[in-house]
Amino acid sequence: MSGIYKRTDMRSAAALVLLSALSLAIAQSCSLSPSHASGAPHWLGDASLRNGRSPYNGDGSYSVFRNVLDFGARGNGASDDTAAITNALNAGNRCVSGCNSTTVYPALVYFPSGTYLVSSPLRIPYDTQMVGDANSPPVFKLASNFPQGWFLDADPYGNDGNGWFTGPNNFYRQIRNFVIDYTSVPPTTNVAGVHWRVAQATSLTNIQFIMSSAGNTQHQGVWMEDGSGGFFSDLVFSGGNFGIWVGNQQFTSRNLTFSGCKTAIFMNWNWAWTFKSVNIDKCQIGIDLSSSQQNQTVGSLALLDVSISNTPVAIKTSMTSATWPPTDGTLIVDNLVLNNVSTSVLGANSPLVEGGTMTIGSWGQGHIYDNARSGSFFAGKLNAPPKNSILLDSTTGRFFERPRPQYSEYSINDVINVKNEGAMGDGNTDDTAALTATLKRWAGCKIIYFPYGVYSIRSTLYVPPGSRIVGQAWSQIRADGSFFSDMNNPKPAVQVGLPGQTGVAEISDMIFTTGGNTAGAIVVEWNIRGDSQGSAGMWDCHFRIGGAIGTNMGLRECPAGSSPSSQCMGAHTLLHMTSTSSAYLENVWAWTADHDLEIGDGQFMISGRGMLIESQGPVWLYGTASEHNVLYQYSLMNANNVLMAMIQTESPYYQGTPQAPAPFFSDSRYSDPVFNCNGNYRCGFAWAVNIVNSYGVYLYGAGLYSWYSNYDQTCLNTNNCQQDMISVTNNNNGNQPGIYLYNVNTIASVNMVTSNGRATIFQRDHQANAVGAGGGFCSTILADLTNAGSAINPITNPLPTFVPTVPVPTFNPTPTTATPVPTNKPSPPPQQCQHSNCGAAACCPDARNGEQCYDANMYNCAVDSGNGNTYLCWGQQKSCSGACFDGNIYKCVNGSLQPK
């Protein structure tokens, strides 16, 4: 696969003048000033905000917001509140055991300040936010007779040994603003505060765990056995046997504090985990990722901005050059501050780094690529990457970070409810005008609150500077209608700022979605540039295309293996950060659905692009994911100053037949990659990460996965579902910081990294672990610094290397096709493929993208009425100068599309 790129600026100077005039016309003169009275409760619990409704569950009495005091909880520290809280969690037809998932019974369970005595576990239904008063976090006091096990349980196990939910699909959960007090529980009782077997769109935030500090303590903070993604931040752990005992496919954690734990962090297993801003004091072991030399279970770890004090062993590892699988235990450390530690890094047989008081700029172990090495094992000090100051906190010198805004300094008088301003949120009414008026009137003046609902917009919703938007249990903004249907004329659904605008734009707890037949929807176009660090951002916001009631793109409309219609075209692009923007994103999941959350089975949903980043920075991405989009999941195009602290991707399950970019096309207006596959069946898959002419890009942790080839998982046996994952195409960057790729993990891609069109890093050389699948399932590298530029110099003192020889797999899959649907297909075009062997699939000599294998029940090889070439088009679409179009809506006149 190779890339050909062209950048066309679509915005003329005249357009910018017009947009500037518009911004002045709608600018607000009001301001938002703190008004919270000391000791007053947080405004979130106010009765005026309780009018959220779920429009699709058929129960008009169902309450999304529920205050535990209304269910009989006392919060006095003496009465047992377990039953009352359980009733608050379960009221209504909530999704519990036997449900697996749903989107129509959400709940925000609110806890006013107080002390809630609990004597048994709280089992949390699917799609639940548990939120305490942010001004005075409530305390969960575990009773002295609390049983061994877990307190807050996100996936209870039944008597059959199975969880209520499926760990890798356990989405949409949030717990924030609590204190968990274990001190009445005997120290020998093995109890964990949170059992967190979860996946994407989940978070733990602002929680304090107070455990026994006795020498025989068995208390634990967070316990996690598996899952697929998630995020937690701003957690404090005191005492206990383990602060956190965790394992997950990929995960992100920010701002964790541990004091007096026996072991602060114990890593049970993972493919990849990124920790940012960890502070450990007076523990016996700081971070333990050690396991046996053979069949290790911990894949990789990235540690950024970590401080460890008064702790005998700061980091414990067991990786060596003889480890099997060979890249298990990969570790990158960036800015490790040590104070009074006996051993900084303890290896399998002896210390790798002696103790003391020091700062380690960069240290790593694993397989590395730079100007001195080409994938050999290395353990030792690395030159720290030069970091552009625009990404750093000016006070600490660390990468900037910001906790989610909760607006505790404001009162209910500073909050406006959009439903009181005319918006309905019923999934049926066009709310565009009401929301536009509300935002225009109150941006910069009020916090704009969206009670739960599905807010339909039929044209672009402009979000002006000054907007502070807060949702309830992930309120939804859904783009609907013909305005968003044309992939050749894409339009923003939610437009945050205009090009060149600066100011505040803060959005939290929202979902952005579409209503089907919306191939022209740029779901969120992000133009605004923050007027201070982190003032333009999203926290716990997610994109969901299809897979839910109300999207008109569920299993019934878009089943896997069917011949899909334009109804199943969900979006042009999920998120576009334009060149004028800056952004801070924390826990943001951009998901084109691979399965129906109501029914559970797989489906065929199509979105063109994931996240397109053209920003000149700063951009901070903490715990983001982008999945199942056709051309790419992340594309950095002429971007600068971007931090990506754990990203996760999956390729579309249906790809292979057809090959990318079908059914979309490579559009130079959006600098799309061009797929020149020349008959390579595995080539036409989405890029996980596409980086072009971008600098100052820092990637710390990536889980990039390909699970299928045309819904067939046979390719997992030989790790070759697709050809490529990461593409870097860069000009010489001189002395400026370039591209720094740390802790990269891929599954089932033949090539991990291609550079300037040439494969440079191969999965077969870097195999790591997989639980239950034996060695060699995931492939991991410590670092690829070959595009770092001259601003970083390689270290030339690697340890002696020994890497076991791994056989190169060979596999030539036969493409599968969907069940035939009788159709009248056009005659074959006169051009014929010369190189491709598509097996049972057809072949189209696409003039734009080369020879393409395709399913003739889903696509056609259209002869262009303008230039006579052939192009692979969706369904029965025609071609006009290389643009596919619906002949019922458009016509081709002299090579140009015109409405009929």
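Some points to look at:
- Taken as a whole, the structure places Arg478 among residues that are within 21 Å of Gly52 (Cα to Cα), touching a strand residue (DSSP E or B) at 6+ places or on another chain (Cβ under 8 Å) and basic (Lys, Arg).
- Looking only at the stretch 36-47, residues that are open to solvent by 60 Å² or more (accessible area, probe 1.4 Å) and in a helix (DSSP H, G or I) come to 1 in all.
- Within the stretch 87-109, the set of residues being among the polar types (S, T, N, Q), part of a loop (DSSP other than H, G, I, E, B) and surrounded by fewer than 19 Cβ atoms within 10 Å (Cβ to Cβ) comprises Asn93, Ser97, Asn100.
- Any chance Gly167 is of a type outside the set (Asp, Glu) and touching a Gly at 6+ places or on another chain (Cβ under 6 Å): yes
- Scanning the stretch 315-371 for residues that are part of a loop (DSSP other than H, G, I, E, B), within 20 Å of Thr297 (Cβ to Cβ) and of a type in the set (S, T, N, Q) yields Thr317, Ser318, Thr320, Ser321, Thr323, Thr327, Asn349.
- Lone qualifier among Ala662, Ala686 - being assigned by the TED database to the domain that holds Gly617 and at pLDDT 95 or above: Ala686
- The stretch 577-595 - residue that is open to solvent by 10 Å² or more (accessible area, probe 1.4 Å) and out of contact with any Lys or Arg (no Cβ under 8 Å at 6 or more places or on another chain) and, of those, farthest from Gln174 (Cα to Cα): Ser579
- Subset of the stretch 625-653 [touching a Pro at 6+ places or on another chain (Cβ under 9 Å), not β-branched (Val, Ile, Thr) and not in a strand (DSSP E or B)]: His628, Asn629, Leu631
- Residue among Ser54, Ser79 that alone is of a type in the set (Gly, Ala, Ser) and assigned to a loop (DSSP other than H, G, I, E, B): Ser54
- Qualifying residue in the stretch 299-310 (condition: of a type in the set (A, V, I, L, M), open to solvent by 20 Å² or more (accessible area, probe 1.4 Å) and in contact with an Asp or Glu (Cβ under 9 Å, 6 or more places away or on another chain)): no
- The residue list Glu421, Glu401 contains one member that is open to solvent by 50 Å² or more (accessible area, probe 1.4 Å) and not basic (Lys, Arg), which is Glu421.
- Qualifying residue in the stretch 203-225 (condition: over 22 Å from Tyr110 (Cα atoms), open to solvent by 50 Å² or more (accessible area, probe 1.4 Å) and among the acidic types (Asp, Glu)): no
- Residue in the stretch 175-187 that is part of a loop (DSSP other than H, G, I, E, B) and basic (Lys, Arg) present: no
- Every residue from the stretch 226-268 that is open to solvent by 10 Å² or more (accessible area, probe 1.4 Å) and more than 15 Å from Gly193 (Cα to Cα): Asp226, Gly230, Asp234, Gln249, Asn255, Thr257, Ser259, Gly260, Lys262, Thr263, Phe266, Asn268
- Test: residue in the stretch 273-295 that is open to solvent by less than 10 Å² (accessible area, probe 1.4 Å), out of contact with any Lys or Arg (no Cβ under 8 Å at 6 or more places or on another chain) and either among the basic types (Lys, Arg) or modelled with pLDDT under 95 (or both): no
- Members of the stretch 346-362 that are open to solvent by less than 30 Å² (accessible area, probe 1.4 Å) and either under 21 Å from Ser321 (Cβ atoms) or of a type in the set (A, V, I, L, M) (or both): Gly347, Val353, Ile360, Ser362
- Check on Ser694, within 30 Å of Gln877 (Cα to Cα) and either among the charged types (D, E, K, R) or surrounded by 19 or more Cβ atoms within 10 Å (Cβ to Cβ) (or both): no
Rundown of residues vs (1) touching a Lys or Arg at 6+ places or on another chain (Cβ under 8 Å); (2) of a type in the set (Phe, Trp, Tyr), yes/no style:
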position: Gly471; (1), (2): no, no
position: Arg478; (1), (2): no, no
position: Ser482; (1), (2): no, no
position: Glu506; (1), (2): yes, no
position: Thr518; (1), (2): no, no
position: Ile522; (1), (2): yes, no
position: Gln533; (1), (2): yes, no
position: Phe543; (1), (2): no, yes
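- Residue in the stretch 446-453 that is open to solvent by 10 Å² or more (accessible area, probe 1.4 Å) and either in contact (Cβ under 8 Å) with a residue 12 or more places away in the chain or outside any helix (DSSP H, G or I) (or both) present: yes
- Within the stretch 304-314, the set of residues being over 23 Å from Tyr622 (Cα atoms) and part of a strand (DSSP E or B) comprises Ser309, Val313, Ala314.
The values are calculated or read from the model by the stated rules, or taken from the named source; none is laboratory data. Just so it is clear, the structure is predicted and the values come from calculations on it, not from any experiment. No Cβ is skipped: glycine too gets one built from the backbone with ideal geometry, and neighbour counts run over all protein chains shown. Side chains are part of the model used for accessible areas, which takes the heavy atoms of the whole protein and leaves out ligands, DNA and RNA. Shrake-Rupley method; radii C 1.70, N 1.55, O 1.52, S 1.80 Å.
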